[in-house]
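Engineer: Mind having a look at this structure? Questions to follow.
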Amino acid sequence: MSFSFDVTHRLEGAPGRAGVIHTPHGDIETPAFVVVGTKATVKAVLPESVSHLGAQAVLANAYHLYLQPGSDLIDEAGGLGRFMNWPGPTFTDSGGFQVMSLGAGFKKVLAMDTAGLQNDDVIAEGKTRMAHVDEDGVTFKSHLDGNRHRLTPEISMRIQHELGADIMFAFDELTTLMNTRAYQESSVERTHRWAERCLAAHAQLTAERADKPYQALFGVIQGAQYEDLRRAAARGLASLEVDGQAFDGYGLGGALEKENLGTIIGWMVDELPEDKPRHLLGISEPDDFFAAIEMGADTFDSVNPSRVARNAAIYTADGRYNVNTARHRRSFIPLEEGCDCYTCTHYTRAYLHHLFKAKEMLASTLATIHNERFTVRLVDNIRAALKAGQFHAYKDEFLGRFYSA
Ligand SMILES: [Zn+2]
């Protein structure tokens, strides 16, 4: 088995750490930001550029690739990395998030504002429910053509084995902060039963496909904002073993209240083994990175840096701004002064402003390169500060500047 994790440095007085995840396609130094390539492409950017901007790994989406072009086709192509010409480590998520968020049309999947909401059937206005959860799995309609599909723990594991990523996630039930406490409880229990089935299917598929590189499987911890549920879910998955197969790491999943992010991560980390990596799904704001890394999260992913880049929103150490606005029309300086990315070392804000106004495709490419570089570099810098014993000083300095703007 060529998957392992070494902790190399620890934060004093908190669970945070730095380390190295070893995968068959290379090492990932942690903490690390994993760039998202939902449909086996980081939108608008060549893999060479993704590599040049410092990304160590790419995360693709099992739901999208299962529907199009099909996981069997990607298997035939030699797996996700070979198919998309990304030689480094890859991740796939289980598809559960997309099935239940896109499919069910939740109003706001990771809602941060829960005031007054206690409803287990939150559907966005004008949408009909497109996914139904039962004990065995989820039936849903494709967002592409409305065709009916079925996803179960076993099917998700087969899809992810065919996609061939180095790190996969167990199929879990996604809840939102708007679900009731009773529903969260039953969902955590169901996610645990699904985790057992994922491990069994994973053990079988690993044996069947013994000629392929080992694919690591992470269990996903749910439990929303409830301490007892989060702890029970983490303990349950940490001790779970089926046919000699345990989880290789853990996904810190589901709805997380922003203001309690560090606290909630702390509950889970407290119950998890030290020697296995922890991936926090779907965050990219600077304050969230610091809070999560301090409490022991190792890797992160989010579509946010590239999604907002395509809308001309630019991250800098002095906060976020929109290069589309009139004041940048004659601004012959880089997107961010001092940035070492390809975009900032070759182009000006005025040029990006022009590309966005003219609706040129290159606008998305150049803005994405900068935002992904900003995000990867931020987490790299946090890692370096942690290793040097400077985590808290760097946190105060960075956040003070970023949020004062
Ligand atoms: Zn830049």
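Engineer: Past the 29 Å Cα-Cα mark, which pairs from Lys276/Lys395; Lys39/Lys395; Lys258/Lys395?
Structural biologist: Pairs exceeding the cut-off: Lys39/Lys395.
Engineer: Let me ask something else. Which FRET efficiency value, to the nearest 0.05, is calculated for Leu73 and Ala207 with the Förster distance at 22 angstrom and r the Cβ-Cβ distance?
Structural biologist: Calculated value: 0.40.
Engineer: Would you mind computing Rg(Cα) / (2.2 N^0.38 Å) for the stretch 1-49, counting N as its residues?
Structural biologist: Values: Rg = 14.4 Å, N = 49, 2.2 N^0.38 = 9.7 Å.
For the stretch 1-49, the normalised Cα radius of gyration is 1.50.
Engineer: Straight-line reach only, C-alpha to C-alpha below 17 angstrom: list the aspartates and glutamates that Lys43 could link to, leaving out same-chain residues fewer than 8 apart.
Structural biologist: Straight-distance partners of Lys43: Asp301, Glu360, Glu372.
Engineer: Once you place label points 7 Å from the Cα toward the Cβ at His392 and His52, how far apart are they in nm?
Structural biologist: Between His392 and His52, the label points sit 4.1 nm apart.
Engineer: At 222 nm, what value in deg cm²/dmol follows for the chain if DSSP H runs of at least 4 each add -39500 (n - 2.57) and the sum is divided by all its residues, to the nearest 500?
Structural biologist: Helix-only estimate at 222 nm: -12000 deg cm²/dmol.
Engineer: Given the options Phe33, Phe83, Phe332, state which has the largest fluctuation in a GNM of the chain using a 10 Å cut-off (strictly under) for Cα springs.
Structural biologist: Phe332
Engineer: Separation of the stretch 220-236 and the stretch 351-386 by C-alpha centroid, Å?
Structural biologist: Rounded to whole Å, the Cα centres lie 35 Å apart.
Engineer: Take the Cα of Glu274, step 7 Å along the line toward its Cβ, and report every residue of the stretch 1-37 whose backbone nitrogen sits under 15 Å from that point.
Structural biologist: 5-20
Engineer: Taking the convex hull of the Cα atoms, report for the stretch 42-103 its projected area averaged over all directions, in nm².
Structural biologist: Averaged projected area of the stretch 42-103's Cα convex hull equals 4.5 nm².
Engineer: Just Ser94, Ser51, Ser302 to compare: in a GNM of the chain, with alpha carbon springs under 10 Å, which one fluctuates most?
Structural biologist: Ser51
Engineer: Another one. Report the relative contact order of the stretch 1-89, percent, no decimals, based on alpha-carbon pairs under 8 angstrom and at least 6 residues apart.
Structural biologist: Reported relative contact order: 24 percent.
Engineer: Using the C-alpha gyration tensor of the stretch 126-249, what are the square roots of 5 times its eigenvalues, in whole angstrom, with the largest one first?
Structural biologist: Each semi-axis is the square root of five times an eigenvalue, giving 25, 21, 11 Å.
Engineer: Going by Cα centres, the stretch 247-300 and the stretch 7-34 are how many Å apart?
Structural biologist: After rounding, the separation between the Cα centres reads 13 Å.
Engineer: Identify the residues of the stretch 298-319 with backbone N under 15 Å of a label point that sits 7 angstrom from the Cα of Asn381 along the Cα-to-Cβ direction, or state none.
Structural biologist: Within reach of a label on Asn381, which here means backbone N under 15 Å from a point 7 Å along Cα→Cβ, the stretch 298-319 contributes 315-319.
Engineer: With N residues in the stretch 154-223, what two-decimal value do you get for its Cα radius of gyration over 2.2 N^0.38 Å?
Structural biologist: Ratio of Rg to 2.2 N^0.38 Å for the stretch 154-223: 1.24.
Engineer: Label Arg148 and Leu399 with points 7 Å out from Cα along Cα→Cβ: what is the distance between them in nm?
Structural biologist: Those two pseudo-labels are separated by 5.0 nm.
Engineer: Place a point 7 Å from the Cα of Glu227 along the Cα-to-Cβ direction; which residues of the stretch 267-295 have their backbone N under 14 Å from it?
Structural biologist: 267-271
Engineer: Per residue, what volume in Å³ does the Cα convex hull of the chain take up?
Structural biologist: So the per-residue hull volume is 143 Å³.
Engineer: Want the number for Asp287 to Lys359: 0.36 nm per residue separation, take away the alpha-carbon distance, what's left?
Structural biologist: That works out to 22.7 nm of additional length.
Engineer: With N residues in the stretch 301-357, what two-decimal value do you get for its Cα radius of gyration over 2.2 N^0.38 Å?
Structural biologist: After normalising by residue count via 2.2 N^0.38 Å, the value is 1.06.
Engineer: Then there is this: Ranked by accessible surface with a 1.4 Å probe, highest first, in what order do Arg377, Arg158, Arg150, Arg307 come? All intermediate terms of the calculation are to be shown ahead of the outcome.
Structural biologist: Details: Arg377 40, Arg158 105, Arg150 70, Arg307 135 Å².
Order by accessible area, largest first: Arg307, Arg158, Arg150, Arg377.
The values are calculated or read from the model by the stated rules, or taken from the named source; none is laboratory data. Source: prediction; values computed, not measured. Here the Cβ is made from the backbone with ideal geometry for all residues, glycine too, and neighbour counts use every protein chain on show. Side chains are part of the model used for accessible areas, which takes the heavy atoms of the whole protein and leaves out ligands, DNA and RNA. Shrake-Rupley method; radii C 1.70, N 1.55, O 1.52, S 1.80 Å.
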